[in-house]
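Participant: What follows is a structure written as structure tokens; I'll ask about it next.
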Amino acid sequence: MTVATKPSPQTKTRRLEQLAILVDQALERLLPDATAVPPIVHEAMRYCVLGRGKRFRPLLCLGAAEAVGAQARQALPVACALELVHTYSLVHDDLPAMDNADERRGQATCHRKFGEGNAILVGDALLTLAFEVLGRNGTPNGLEIVRIISHACGTTGLIGGQVLDLQAASHTLASAAKALTDIAQRKTAALIAASVVTGALAGGANANQVRAAQRYGQDLGLAFQLIDDMHDQDGLAAAMGVDAARDEAHKLISRAVKALEPFGRRADMLRQMADWLESTSERAPTR
Ligand code: GRG
């Protein structure tokens, strides 16, 4: 008789690491060769995407496909497209006209290494490639996936969030938490929620499963930004106070995990992603 044993925490972590490697390998294959003409843009695209990213959004996408009973691999092209979109947003967010950042993913930002003009074009090229990848594959619900990712990138999502962020300097502290929550919903939670929903759709989700995926992704996405701000001691953490931000992140993560109940054990990878996020909040500064 074989006795079913629960996978150990180490086995589960190893699986996430292996899936992140699978994503890296797929990205490596789909990015144009660094020597292809014009080489500078291709070298820069590879430099930005293949840098030290956590692959949080691709892993959520693969986990959501698994939650609805598909093989995680079935969502791999969608997972890669999401990472390309995310990397585009980082490259543009770092530009002198936005955050004017010097470092990203432990290395010089794209514009510092390749020049501002090239960095603008790299962002454009990554976003365009993402949609080429989505158009290439025979994933179930392909058109709906394109619609959802486009919506998350647009003025209700990333771009709208960035526009509000550019205006945010004028907010008083009292209104800051509300305004910053709106920005976080758009800049961060929209793409994270889209990662979960499109992963579920790539796995053939039904309407109830899509709704549950959306609830999980939205709450997890907002918690992600709260915790990021706790680490940087700015944004929502500065406006609400670190302790209130930690409590709020904890509540959001608990509610996100509750939304996974209809999926049963098949959503364990998504539960593990939520646990991982919660554990990062414990390492943030206390005040
Ligand atoms: C669309 C013009 C335009 C600009 C982009 C949405 C946006 C505007 C930029 C996103 C940049 C940003 C700092 C968003 C907040 C979310 C966040 C903390 C991103 C960092 O994501 P991680 O921690 O990064 O997953 P890695 O490098 O691990 O992928």
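Participant: For the chain, set up a GNM with springs between Cα atoms under 10 Å and report which of M98, M230, M45 has the largest fluctuation.
Facilitator: Evaluated over the chain, the most mobile residue of the options is M98.
Participant: To the nearest Å, what is the center-to-center distance of region 67-86 and region 219-268, using C-alpha atoms only?
Facilitator: Their Cα centres are 22 Å away from one another.
Participant: Calculate for the chain the 222 nm mean residue ellipticity that helices alone would give, adding -39,500 (n - 2.57) per DSSP H run of length 4 or more and normalising by residue count, nearest 500 deg cm²/dmol.
Facilitator: That calculation yields -22500 deg cm²/dmol at 222 nm.
Participant: Give the peptides 261-272, 71-82 in descending order of average Cβ contacts within 10 Å, highest first.
Facilitator: Top to bottom by mean Cβ count within 10 Å: 71-82, 261-272.
Participant: Would you work out which of M273, I148, V37 lies farthest towards the positive end of the dipole of the chain, given +1 charges on the beta-carbon of Lys and Arg and -1 on that of Asp and Glu, about the Cα centre?
Facilitator: M273
Participant: Amide H neighbours of R104 under 5 Å, counting only residues 5+ apart in sequence or on other chains, H built in-plane at 1.01 Å?
Facilitator: Result for R104 returns T109.
Participant: A follow-up question, please. Can you give the Kirkwood hydrodynamic radius for region 93-251, in Å, rounded to one decimal and based on Cα pairs?
Facilitator: This gives a value of 17.2 Å.
Participant: Which entries in the list K12/K187; K6/K187; K12/K251; K54/K251 go over 26 Å, if you measure between the two C-alpha atoms of each?
Facilitator: From the list (K12/K187; K6/K187; K12/K251; K54/K251), the Cα-Cα distance tops 26 Å for K12/K187; K6/K187.
Participant: Further question on the same structure: Based on a Kirkwood Rh over C-alpha pairs, give the Stokes-Einstein translational diffusion coefficient of the chain at 37 °C and viscosity 0.692 mPa s in µm²/s.
Facilitator: Stokes-Einstein gives a translational diffusion coefficient of 170 µm²/s.
Participant: Taking region 183-262 as the region of interest, what is the percent of Cα-Cα pairs per 10 angstrom bin, listed from the shortest bin to the one with the maximum distance?
Facilitator: 21, 46, 24, 9, 0
Coordinate-derived values only; no laboratory data. Computed from a predicted structure; not experimentally measured. Glycine also receives a Cβ, built like all others from the backbone with ideal geometry; neighbour counts cover every protein chain displayed.
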